[in-house]
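Could you have a look at this structure, given as structure tokens, before my questions?
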Amino acid sequence: MKLERPFRKLAIALLIGCALIGASLLVPFKIYLTSDRAYSGVLVELIDKEGKAIDSFIVDNQLQLDSFYLVKLLVDGVSLHLVHPLLKAQNIELNWGHFYSKNLNVTLVCWCADKSYPKQEDLVSVFAHFADIKSQYIPKVPQMIRRESVAEHSKALYMLVAVASDRVGEGRKLNKRNVRERKNIMAEVIDMIYIDP
């Protein structure tokens, strides 16, 4: 009899634990994108350990994933990669805390090159951003959504090329020819946003 009580308590605890996990799997995982201004057409990629995109979604402000799918992503060590022409790219590691909380709040960060007095940005970082747009965003996001994502903000894109400087950060290592080539490529990428690849 003395042995039965501890086992009974353990069995009850296991049953409650299984019930809680089962109930948790029924609740979807939500990703909320927040910012000081409205952005549309954010590309959210699921990146595996080898750096390959295994899935992608086009989101305005919220993405919902099935909890069973989230468990698979967590086991596989998948991370999130966010790309948008006007926003700084973000890489986010998924963890088990996200499974239990059932939500993830992501604050979007703009380049804000269209401010009255924009600061100079490292040309190498800005060029990497445009390379991301060319290789990831443009092939996966339809032309109409791409156009809407930068509607009324084309000035910000061109200003970003203008403030990309070889006087700060890694950009100081570039020679004038490299600077000119990179700025030309960035201007070409802006044109590609508006046309089908």
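Roughly how tilted is helix 4-26, in degrees to the nearest 10 and between 0 and 90, from the longest Cα axis of the chain?
30 degrees
Just one of [x] 1, 8, 16, 21, 21, 18, 10, 5, 1; [y] 1, 6, 11, 13, 13, 14, 13, 11, 7, 5, 3, 2, 1, 0, 0; [z] 1, 7, 13, 15, 15, 13, 10, 7, 5, 3, 3, 2, 2, 2, 1, 1, 0, 0 is P(r) over Cα pairs in 5 Å bins from 0, in percent as worked out from the coordinates here. Which one is it?
[z]
Which value does Rg/Rh take for the stretch 25-110 over its C-alpha atoms, Rh per Kirkwood?
In the stretch 25-110, Rg relative to Rh is 0.95.
Taking the chain as the reference, fit the longest principal axis to its C-alpha atoms, fit the long axis of helix 154-163 to the helix C-alpha atoms, and give the angle between the two in degrees, 0 to 90, nearest 10.
Once rounded, one gets 70 degrees.
Give LYS88/LYS155; LYS30/LYS72; LYS88/LYS176 a once-over and call out the pairs whose C-alpha atoms are over 19 Å from each other.
Flagged as over cut-off: LYS88/LYS176.
Same structure, new question: Which one, LYS88, LYS155, LYS30, has the greatest fluctuation when you compute a Gaussian network model over the chain with C-alpha springs under 10 angstrom?
Ranking LYS88, LYS155, LYS30 by mean-square fluctuation puts LYS155 first.
Want the number for GLN62 to ASP191: 0.36 nm per residue separation, take away the alpha-carbon distance, what's left?
43.6 nm
Sticking with this structure for a sec: Calculate how many DSSP beta bridges within the chain are antiparallel, expressed in % of all such bridges and rounded to the nearest 5.
If I count the DSSP bridges inside the chain, around 75 percent turn out antiparallel.
In terms of Cα to Cα distance under 12 Å, which aspartates and glutamates are near enough to LYS49, apart from those fewer than 8 places away along the same chain?
Result set, ordered by chain and number: ASP76, GLU93.
As an exercise, use a Förster radius of 41 Å and the Cβ-Cβ distance of GLU152 and ASN178 to find the FRET efficiency, rounded to the nearest 0.05.
0.80
Can you tell me the 0 to 90 degree angle between the C-alpha axis of helix 176-193 and the longest principal axis of the chain, rounded to 10?
Result, in degrees: 60.
May I have the convex hull volume per residue, in Å³, for the Cα set of the stretch 113-197?
Once divided by residue count, the hull of the stretch 113-197 is 80 Å³.
Bear in mind that the values in this text are calculations on the coordinates, not laboratory data. Computed from a predicted structure; not experimentally measured. Neighbour counts run over all protein chains shown; Cβ positions are idealised from the backbone, glycine included.
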